[in-house]
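What follows is one structure encoded as C-alpha cells, with my remarks underneath.
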2 protein chains.
Amino acid sequence: MLDLPFIAVSYCYRGIGHMYFRSNGSKGLCCTCPNRYFQFCKSLLNSSSTEFDPHAVKNLAVTAKQYLYHQGDLNNELFVLREGWVMLTRLSEDGKRQVFRSVLPGELLGFQQHLNGPAIYSAIALLDSVLCKVPKSVEHYSTQPELALSLAATEACDKMLTEMYLGNITHRNARERIAFMVLELFHRLMLRGLNNEYSIQFPLKQEDIGDTLGLTTVHVNRTLHAFRDEGVLQIQRHELTILDYDSLYSLAGSTFKILVPEGLENPIEAGRVGSQVFRSS
Amino acid sequence: MLDLPFIAVSYCYRGIGHMYFRSNGSKGLCCTCPNRYFQFCKSLLNSSSTEFDPHAVKNLAVTAKQYLYHQGDLNNELFVLREGWVMLTRLSEDGKRQVFRSVLPGELLGFQQHLNGPAIYSAIALLDSVLCKVPKSVEHYSTQPELALSLAATEACDKMLTEMYLGNITHRNARERIAFMVLELFHRLMLRGLNNEYSIQFPLKQEDIGDTLGLTTVHVNRTLHAFRDEGVLQIQRHELTILDYDSLYSLAGSTFKILVPEGLENPIEAGRVGSQVFRSS
DNA sequence: AAGAAAAATTAATCCAGGTTAATTTTTTAA
DNA sequence: TTAAAAAATTAACCTGGATTAATTTTTCTT
C-alpha cells in the first residue's frame, strides 16, 4: 500500500539533537547536512538517481530581509531550505497582506500546481538563509517515481498544516490562535533540533503574527503582553521562550494534537528531547 | 521543465458543455465519463499502465447524508468522485466543526500524508454520489511516474484552494467571505459543465457555510437575506442562483482572481460557456 | 554615538459579528 | 397525511477585537 511514513514527514519524528541557532557554513554536501533525514531530502538521497548528484548540490545564500521571489514571478526554482527561515506572503489588491506560513530548514519551497506559471506568493528570508536547488525537470522525476511520490506527500503535508491553521483561525479566539501558532512553530523547529530547551530563535514581527492569524498588531501586542504578564510566553530580541507549556498546550486545542506525535505533548518536561535518536530508516 | 498544465487542473480550463444535475447511472466506464479530461482521471487514462484498467474501474455508490469515512478511520481507499457532492469536515474536541472543502465531480478524495494512518477528516456525501477507486499501491506508482506527479500537482491544487480560503477568512468580512465561497464553488462546477446559466445545485446548509467560513448560522442567514434583498444571490430548495455576478465578483476580491482563468470574470455574460471545446490534449 | 527608521506599546472609542432564545418554514419519517 | 425533526428566520442584546492615534523603545545607519 502507498504509505510513506519516512518520507516528507514534518511532524511525526524527532530531530537529531541540539543545533540551536545552527550555522554550519553556507556551502556543504548533503552527507553532512542535518536535513538529510528529513522530508524531500531524504527521498532524494535514497533515490537511485545518477542525474542529480547530492554531492554537487547547488547552494544559494540569501541575507535576511531579501526576497527569493515575488508573487507573479515566472520560472522560479525549486528549493529545499538548508538553514535559515523563509516566510511566504501574498499582498492583495486592497493592500492587505496574508502570511501563509514559514518555511523551516529541511522543507521544500517553490512547488505549486503550475510550476512555471506565476508564483502565487512571495518568499522572503527572515534570517540569513541557505537554499539547495532541487531538480525541476519532468524527466528527472520520470525515472524516479519515489521522488514524485515524495513530492505528493510533501504537498499533502503542507496542505494539512494549512488546513489546521484554517480551522484554528476559523473557530478560535486571539489567545488560542497565538498559542497554536507558537506551539506549531516550536514543535516544527524542535523536530529539527533547532530549539534550546523552551526557547527558539523567532524572527517574526508582531505584524507577521497578525497577518498570519487575522489579527491586528495592536491586538497581537495586547495578547502577547497578557501572556508575558501571566508567565505563559515571552518574546524578546528575536528569541521566543515558552514559560508555561501546559497553558499553551491547552489553549492550542485539539487541532494542534494531530500535528504532534503521541507522547510529545510536553517533550522537554518528559526529558525526551535529545534522548532518542532520529529513526533514520 | 516540470509543468503539468493539463494534469490535475481544477481551475484553469473550461468544462465540456452543459450537464446540469447530471445523473448518468452509477456504473460506467471511463471512456464515457465526463470527468475523463480532468485532474487525476486524465493522467490515469493517459498513463501506459496495464496494471490499472480504466475499463474495469470499481464504482462505489453512496446515498446522500452517508459518511464515506470518519476522522480517525484507518486504511481508507483513494477515490475520484464521479458524480455527486462530498464534503470534508472535522469535529474538534470542544464540539466545533470545521468544514474544509467540498469535493466536486472529477476530484480526488482520500489522499493524505499518511495514506494508511488515521483519516484527518470525515467525508460525507451531500448528494447521492458515485466514486471510482484509484490504485493505492506504491508499486503501481513506481512504474507510473506521471501518475505520481499528477498526485503531487493535485495536492498542490488543493493546497492552493485551502490557502485562498485561509486568506479570505483571515482578512475579509462576512459578505466578502460568502461572495468568495459562492463564486469559487460556482466556477468549480461550471468548469465541469455542472451549471445551468447562473444556477447550480447547492446542497450546503447555512450551517455548512458558517462552519466553512467561521461565521454563525445566524449571521450567515442575515447576510444571505441581505444578498437576496439586494438582488445579488438567492438560494432556494437546494438551488443557488447568482443574480448579480458583478457584485459578487467585486466582493470576492483579488484572492479569487488567481483561481479563475483570465477572461472568465463573467463567462456567461460574455457568452463563452459552452461555446468552446475543452482542450483535451 | 547620534539621528533616523522601524517596531512595540498603550489608551480610548466603536462596531461587526457573536450569543441567546423564540418562532416559522421545510423536510423527513411514519 | 400527519407528526416530528431539521433548518431557516428574526429580534434583542453584548463583546472581542478593530480602529485611530499617540508615545516609547529598539534597531539600523552612518
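Okay, here's what the table says:
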item	result
Copy-to-copy label separations for A:D73, where each label sits 7 Å from Cα toward Cβ, in nm and ascending	4.3
Taking B:T154, A:T32, A:T217 and counting other C-beta atoms within 10 Å, the order from fewest to most	A:T32, A:T217, B:T154
Calculated label separations, B:S199, copies of the chain, 7 Å along the beta-carbon direction, nm	6.6
For A:E93, A:E77, B:E184, order by how many other beta-carbon atoms lie within 10 Å, fewest first	A:E93, A:E77, B:E184
Kirkwood Rh in Å, taken over all unlike Cα pairs in segment A:119-235	16.8
Cα centroid separation, segment B:120-147 to segment A:104-160 (Å)	23
In segment A:52-148, the trypsin sites (Lys or Arg not before Pro) that fall in loop regions by DSSP, at most 11 other Cβ within 10 Å	A:K58, A:K65
Peptide B:251-260, shielding by other chains (average Cβ, 10 Å cutoff)	3
Too-long pairs where the Cα-Cα distance tops 19 Å, listed order kept, from B:K136/B:K159; B:K58/B:K136; B:K205/B:K257; A:K257/B:K96; B:K58/B:K159; A:K96/A:K257	B:K136/B:K159; B:K205/B:K257; B:K58/B:K159; A:K96/A:K257
Rounded FRET efficiency, nearest 0.05, which uses the C-beta distance separating A:D94 from A:K205 and R0 of 25 Å	0.75
Alpha carbon convex hull of segment A:48-172, volume per residue in cubic angstrom	117
Average partner coverage of A:106-119, which counts Cβ from other chains inside 10 Å	4
Alpha carbon convex hull of segment A:30-257, projected area averaged over orientations, nm²	12.8
Neighbour-count order for B:L191, A:L194, A:L243, fewest beta carbons within 10 angstrom listed first	A:L243, A:L194, B:L191
Label spacing, shortest first and in nm, from B:D94 to its equivalents in the remaining copies (7 angstrom along Cα→Cβ)	2.7
Mean-position separation - Cα centroids, segment B:163-227 and segment B:61-84, in angstrom	23
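A short reminder: the numbers here are calculations on the coordinates, not readings from a lab. Small disclaimer: the values here were computed from a predicted structure and weren't measured. Glycine also receives a Cβ, built like all others from the backbone with ideal geometry; neighbour counts cover every protein chain displayed.
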